[in-house]
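None of the figures in this text is laboratory data; all of them are computed from the coordinates on show. Only a predicted model underlies this, so the values are computations on that prediction, with no experimental measurement involved. With ideal geometry, Cβ positions are generated from the backbone for all residues, glycine too; neighbour counts draw on all protein chains shown.
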Amino acid sequence: MKGLKDKIVLVTGGAKGLGKAMATRFLQEGATVVIADVDAEASAATVEELGTLGPIEAYQIDLRDADAIEAMVDYVAEKYGRIDIAVNNAGVQIHGWATEFPLEKFDMMLSLNLRAYYLVARAAARYMKKQGGGSIVCISSGNSQRYTTRRSPYNITKAGINGLVGTLAVEWGRFNIRINGVAPGFVDTELFRVGVKNGIIDVDNNMLVVPMKRMLEAEEIANGVAFLASEEASGVTGQVLFIDGGWSRAGLPEKKDM
């Protein structure tokens, strides 16, 4: 893909799941990747696994810490001389009725799922402005438009990401800094399978509202992220790409054999 070779890429939440798939894709395109994650053990395993594809390192961080975010971006930019691409991917989903949802968990989700995106983006943008441009991709969700019950903080933060993308694109476009979002639908990740196992997610029920009638693969999300980060999307900013098997366009639920 045009414009990814030799780029310096930061991926938050890069140790597992979608983040790991994104790191893999960027390495395959010839980029240098730094994965930022709170899970040091998983990060080390991912670095070891993906190290044969290209240069990759792990950075342990709690993204709820604003000072730590500034230090992380400074570290990447100073070590590699620039930061070309930043992917905001880290996040958490906690289920519960809004009437009973613990306030401390609500605050934690806003801090990690939304506030950290803003802080990473603006810290990276300071360097991108000096170097003449860059690309930021934020991971939203189909839940930013298709709201589901017992996920109110998650839905709210993901909708907020869409607003963040549009707002910062308008502000930073003049500096050749592009910022876009990717909104995944139902993706077959380890975290999703845990939800199925715990009875939180009903795959058959989900498929009623997905026109393609299948789960998505993490690689399909990574492909969209790579495109938006690349020079092939040089005229695209402020957009949210829904990679959701058509979920965001569906009307009535439909069975597979209809």
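So residue 186 clears everything in (1) closer than 15 Å to residue 139 by Cα; (2) surrounded by fewer than 22 Cβ atoms within 10 Å (Cβ to Cβ); (3) out of contact with any Leu (no Cβ under 8 Å at 6 or more places or on another chain) except one condition, right? Which one?
Checking residue 186 against (1) closer than 15 Å to residue 139 by Cα; (2) surrounded by fewer than 22 Cβ atoms within 10 Å (Cβ to Cβ); (3) out of contact with any Leu (no Cβ under 8 Å at 6 or more places or on another chain), the one that fails is (3).
Could you pull out the residue among 31, 68, 58 that is hydrophobic (A, V, I, L, M, F, W, C), touching a helix residue (DSSP H, G or I) at 6+ places or on another chain (Cβ under 6 Å) and surrounded by 14 or more Cβ atoms within 10 Å (Cβ to Cβ)?
Numbers: 31 fails: touching a helix residue (DSSP H, G or I) at 6+ places or on another chain (Cβ under 6 Å); 68 fails: touching a helix residue (DSSP H, G or I) at 6+ places or on another chain (Cβ under 6 Å).
The match here is 58.
If you check every pair at least six apart or on different chains, which have Cβ atoms under 6 Å apart with a residue in segment 73-88 that is in a strand (DSSP E or B) first and a residue that is crowded, with 24+ Cβ neighbours inside 10 Å and among the hydroxyl-bearing types (Ser, Thr, Tyr) second?
85/135; 88/12; 88/117
Just one of 169, 116 is touching a Lys or Arg at 6+ places or on another chain (Cβ under 8 Å), buried (at least 22 other Cβ atoms within 10 Å of the Cβ) and in contact (Cβ under 8 Å) with a residue 60 or more places away in the chain; which is it?
Within the list 169, 116, the selection yields 116.
Got a number for residues in segment 1-28 being part of a strand (DSSP E or B) and crowded, with 24+ Cβ neighbours inside 10 Å?
Matching residues across segment 1-28 total 4.
Keeping to segment 161-196, report how many residues are part of a strand (DSSP E or B) and closer than 13 Å to residue 128 by Cβ.
So the answer is 3.
Within segment 203-212, does at least one residue satisfy the condition of being surrounded by 19 or more Cβ atoms within 10 Å (Cβ to Cβ), part of a loop (DSSP other than H, G, I, E, B) and of a type in the set (A, V, I, L, M)?
Checked against the condition, which is being surrounded by 19 or more Cβ atoms within 10 Å (Cβ to Cβ), part of a loop (DSSP other than H, G, I, E, B) and of a type in the set (A, V, I, L, M), segment 203-212 yields at least one hit.
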